[in-house]
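Read-outs: derived from the displayed coordinates by stated rules, not from any lab. Please read all numbers here as calculations on a predicted model, not as lab measurements. Here Cβ is always computed from backbone atoms with ideal geometry, including for glycine, and neighbour counts include all displayed protein chains.
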Amino acid sequence: MIKHSIRDMSLEDSGTKKIKWAYNNMPVLREIEKEFIKEKPFNGIKIAVSVHVEAKTACLVQLLRKGGANVALTGCNPLSTQDDVAAALVADGVSVFCWYNATKSEYRNHLIQTIDFEPDIVIDDGGDLAELFHTTHKNKLTNIIGGCEETTTGVHRLKILENENKLLYPVIAVNDARCKHLFDNRYGTGQSTLAAIMSTTNLLIAGKTVVVAGYGMCGKGIAMRAKALGARVVITEIDPIKAAEALMEGIEVMTMNQAASCGDFFITVTGCRDVITSEHYAKMKDGAILSNAGHFDVEVNIPELEKLSVKKEEKRDNIMGYQMPDGRWINILAEGRLVNLAAGDGHPVEIMDMSFALQALSARYILENGKNLKPGVYDIPKELDDRVGLLLLMSKSIEIDTLTSEQKFYINHWEI
Ligand code: NAI
C-alpha cells in the first residue's frame with residue numbers, strides 16, 4: 001500500500017481525463033518516453049518532486065516512473081494543487097502528499113512527508129524541498145545525488161546558498177535553459193496569466209490600463225499578451241536596461257507610485273517583495289484589480305491592505321475585495337498567489353511539454369553525472385537544451401538548416 005495524503009479519492013475520474021488530455025498534447029515527452037521505457041534509466045531510483053500538482057506535472061511523474069523511478073510528489077504552492085489530479089495519481093500508485101488550499105503547516109507537512117522518502121534526486125519548483133534539506137531535514141540527505149530546479153526564484157535561492165558555500169548537492173538550473181525561460185516564462189506565463197485574470201474577473205482587457213511590475217522573461221510575455229488584447233500597458237522596473245527595452249517596445253515606463261493611480265489591472269512578476277504596498281493602495285482607482293504571477297505571495301503586500309481596509313468581502317470565486325476608509329474597493333485575485341496556477345490551469349500543455357522534457361533529461365543527467373559534480377548550480381548541457389528544441393520542431397514536421405563544413409570553419413576562424 002503506497003503512502004499518500006490527499007483530499008478526496010472519489011475525484012479520480014476527472015483527474016484521469018485531465019491527465020490523458022495533457023499526455024495526448026505532449027509529443028516531446030512521448031518521444032522521450034520511448035527511450036525511457038527501453039532503457040529504464042531510473043531503475044531503483046527514488047525521485048521527490050515538488051511542482052504544482054496538475055495534469056502536466058502528472059505526465060512528468062508518469063514519464064519518470066516509466067523510466068523505472070519510484071516517485072513521491074508534493075505541491076509547491078498551497079493554492080495550485082488540483083485535487084482530482086492528485087487522486088488519479090494515487091489511484092495509479094504514486095505517493096502524493098498535497099491538497100488544494102493547504103494551511104501553512106499542512107503545506108510544510110506535505111513537503112516533509114515527501115522528503116521522508118529519502119530521495120536520490122529532487123525536482124523542485126521554487127526551492128522549498130531544498131530549503132528543508134538545508135535546514136531542519138539534513139538527515140534526509142542520505143541518498144541524494146542531486147537536483148533540478150524549475151523556476152527563476154528557486155534558482156536564485158540556490159545560487160545564494162552556493163555563494164555562501166552552503167549548498168549540499170549539485171543542481172541543474174532547468175529554468176535557465178533556453179527551451180525553458182524563452183518559452184515557459186514568456187509565452188506560458190503570458191498566456192496563462194491573462195487567461196486566469198480574464199476567466200476569474202470576466203472583465204474586458206481592451207481599453208484598460210494594465211500595469212506589469214517586472215519586465216523580465218515573464219513580464220515581457222504578460223505585457224505582450226496584454227497589449228495584443230488591446231490594453232494600454234505600463235511597466236515598472238528597477239533595471240534601467242529592462243526599462244529601456246520596454247520603452248523600445250512602445251510600452252510606457254513609470255514608477256509604481258506613478259502607475260498606482262492609472263492602473264485598472266496590476267500584475268506583479270518580479271521575484272521580489274513589497275512591490276505594491278500602502279503608499280500605492282492610497283492612490284489606486286476604485287475597483288482596481290491586483291494579481292501576482294511571481295513565485296511567492298509577497299509581491300503584493302496583503303497584510304498592509306488588510307490593516308488599511310475597513311471591510312473585506314468575497315466578490316467572486318478567487319476575488320477578495322478590500323474597502324478603503326474613503327469607500328474605494330481594491331480587489332486581490334487568488335490571495336496574491338501565482339494567479340495563473342491558483343486561479344487557472346497553469347501554462348498551456350505544449351509549454352510544459354518542453355519544460356518537463358528538460359526536467360526529465362536533467363534528472364537523467366544528474367543521475368548519470370551527479371556523483372562527479374561538486375555541490376553547485378549548473379546549467380543544463382547545451383545538447384539537452386537543443387534536443388528539446390529539435391524534438392518540438394520534429395513533432396511539427398519542421399526541419400531546419402544545418403551548418404556546412406565551410407560555414408563551421410568560417411564562424412570558428414577570425415580571418416575572412
Ligand atoms: P526575471 O529575473 O527575468 O525578471 C524579473 C524582473 O523583475 C527583472 O527585470 C527585475 O529587474 C525586475 N524587478 C525586480 N524587483 C523589482 C521591483 N521591486 N520592482 C520592479 N521590478 C523589479 O525573472 P522571471 O523569469 O520573469 O520570473 C519572475 C518571477 O516569476 C519569479 O518569481 C519566477 O519564479 C516566477 N515565475 C512564475 C511563473 C508562473 O507560472 N507564474 C513561471 C515562471 C517564473
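Plugging the Kirkwood radius over Cα pairs into Stokes-Einstein for the stretch 317-358, at a temperature of 10 °C and a viscosity of 1.306 mPa s, what D comes out in µm²/s? List each step's numbers first, then the result.
Working: Rh = 12.4 Å.
So the translational diffusion coefficient is about 128 µm²/s.
Which order results if THR277, THR81, THR201 are arranged by neighbouring Cβ count within 10 Å, fewest first?
Lowest count first: THR277, THR201, THR81.
What is the mean projected area of the alpha carbon convex hull for the chain, to one decimal in square nanometres? Don't jump to the answer; show the numbers that get you there.
Working: hull surface 91.9 nm².
Mean orientational projected area (the chain, Cα hull): 23.0 nm².
Each label point is 7 Å from the Cα along the Cα-to-Cβ direction; what then is the distance between the points at GLU304 and HIS137, in nm?
Going by the 7 Å Cα→Cβ label model, 3.3 nm.
Sum -39500 (n - 2.57) across every DSSP H segment of at least 4 residues in the chain, then divide by the residue count to get the 222 nm mean residue ellipticity, nearest 500.
On the way: 17 runs with 173 residues, N = 416.
Roughly -12500 deg cm²/dmol at 222 nm, from the helical runs in the chain.
If amide hydrogens are placed 1.01 Å from N in the peptide plane, which non-local residues have theirs closer than 5 Å to the one on SER261?
Distant-sequence amide H within range of SER261: zero hits.
Taking 0.36 nm per residue of sequence separation and subtracting the Cα-Cα distance, how much length would be gained by fully extending the chain between ARG316 and SER395, in nm to one decimal?
Working: separation 79, 0.36 × 79 = 28.44 nm, distance 4.04 nm.
That pair, ARG316 and SER395, stretches by 24.4 nm at full extension.
Could you pull out the pairs from LYS18/LYS315; LYS285/LYS307; LYS46/LYS371; LYS208/LYS307; LYS3/LYS371; LYS34/LYS396 whose alpha carbons sit more than 25 Å apart here? Walk me through the numbers before you get to the answer.
On the way: LYS18/LYS315 28 Å; LYS285/LYS307 18 Å; LYS46/LYS371 15 Å; LYS208/LYS307 28 Å; LYS3/LYS371 29 Å; LYS34/LYS396 18 Å.
LYS18/LYS315; LYS208/LYS307; LYS3/LYS371, as the Cα separations exceed 25 Å there.
Fully extended, how many nm does the chain gain between LYS20 and ASP239 (0.36 nm per residue separation, minus their Cα-Cα distance)?
74.6 nm
Given a Förster distance of 22 angstrom, what is the FRET efficiency for LEU229 paired with SER261, based on the Cβ-Cβ distance and rounded to 0.05?
Working: r = 22 Å, r/R0 = 1.00.
It comes to 0.50.
Based only on Cα atoms, what mean projected area does the convex hull of the stretch 62-136 have, in nm²?
Details: hull surface 19.9 nm².
Reported value for the Cα convex hull: 5.0 nm².
Test of understanding: ordering GLU306, GLU406, GLU35 by Cβ neighbours within 10 Å, fewest first, what list do you get?
Numbers: GLU306 12, GLU406 8, GLU35 15.
With the sparsest Cβ surroundings first, the list reads GLU406, GLU306, GLU35.
Where Lys and Arg each count +1 and Asp and Glu each count -1, what net charge lies around ALA130 among other residues with Cβ under 10 Å from its Cβ? Walk me through the numbers before you get to the answer.
Numbers: positive: ARG157; negative: ASP124, ASP128, GLU131, GLU149.
Every neighbour counted, the sum reads -3.
Please report, largest first and rounded to whole Å, the three semi-axes of the ellipsoid equivalent to the stretch 1-147, where each semi-axis is the square root of five times an eigenvalue of the C-alpha gyration tensor.
Values: eigenvalues 100, 80, 30 Å².
Working through the eigenvalues yields semi-axes of 22, 20, 12 Å.
Pairs of alpha-carbon atoms within less than 8 angstrom and 6+ residues apart define the contacts here; what relative contact order does the stretch 271-359 have, in percent?
Values: 145 pairs, mean separation 25.8, N = 89.
About 29 percent, as a whole number.
Among HIS347, HIS156, HIS413, what is the fewest-to-most ranking by other Cβ atoms within 10 Å?
Numbers: HIS347 27, HIS156 17, HIS413 8.
The fewest-first ordering by Cβ neighbours comes to HIS413, HIS156, HIS347.
Considering only the other residues whose Cβ falls under 10 Å of the Cβ of GLN258, what net charge follows from Lys and Arg at +1 and Asp and Glu at -1? Each step should come with its number before you reach the end.
Numbers: positive: LYS283; negative: GLU252.
Every neighbour counted, the sum reads 0.
If r is the Cβ-Cβ distance from ILE37 to GLU162 and R0 is 41 Å, what FRET efficiency results, to the nearest 0.05? If you can, show how the numbers build up before the last one.
Working: r = 35 Å, r/R0 = 0.86.
With R0 = 41 Å, the Cβ-Cβ based efficiency is 0.70.
Measure off 7 Å from each Cα along the Cα-to-Cβ vector at ASP386 and ARG108, then give the distance between these two points in nanometres to one decimal.
4.7 nm
Quick one: Cα convex hull volume of the stretch 151-218, Å³ per residue? Walk me through the intermediate numbers first.
Numbers: hull volume 7.7 nm³, N = 68.
Residue-normalised Cα hull volume stands at 113 Å³.
Which of THR103, THR193, THR270 moves the most in a Gaussian network model of the chain with Cα springs under 10 Å?
THR103
Over the chain, with a Gaussian network built from C-alpha contacts below 10 Å, which listed residue (ASN24, ASN202, ASN292) shows the highest mean-square fluctuation?
Of the options given, ASN202 has the highest mean-square fluctuation.
If you take the C-alpha gyration tensor of the stretch 362-411, multiply each eigenvalue by 5 and take the square root, what semi-axes do you get, largest first, in whole Å? List each step's numbers first, then the result.
Numbers: eigenvalues 167, 63, 11 Å².
Over the Cα atoms of the stretch 362-411, the ellipsoid semi-axes are 29, 18, 8 Å.
Mean 1/r over all different Cα pairs, inverted: what Kirkwood radius does the stretch 228-357 give, in Å?
Working: mean 1/r = 0.0636 Å⁻¹.
One over the average 1/r among Cα pairs gives 15.7 Å for the stretch 228-357.
Remind me, relative contact order of the stretch 173-225 in percent, using alpha carbon pairs under 8 angstrom and six or more residues apart? Show your work: numbers first, answer last.
Working: 40 pairs, mean separation 27.4, N = 53.
Rounded, it is 52 percent for the stretch 173-225.
On full extension of the chain, what length is gained from GLU406 through LEU204, given 0.36 nm per residue of separation minus the C-alpha to C-alpha distance?
Working: separation 202, 0.36 × 202 = 72.72 nm, distance 5.43 nm.
Additional length available on full extension: 67.3 nm.
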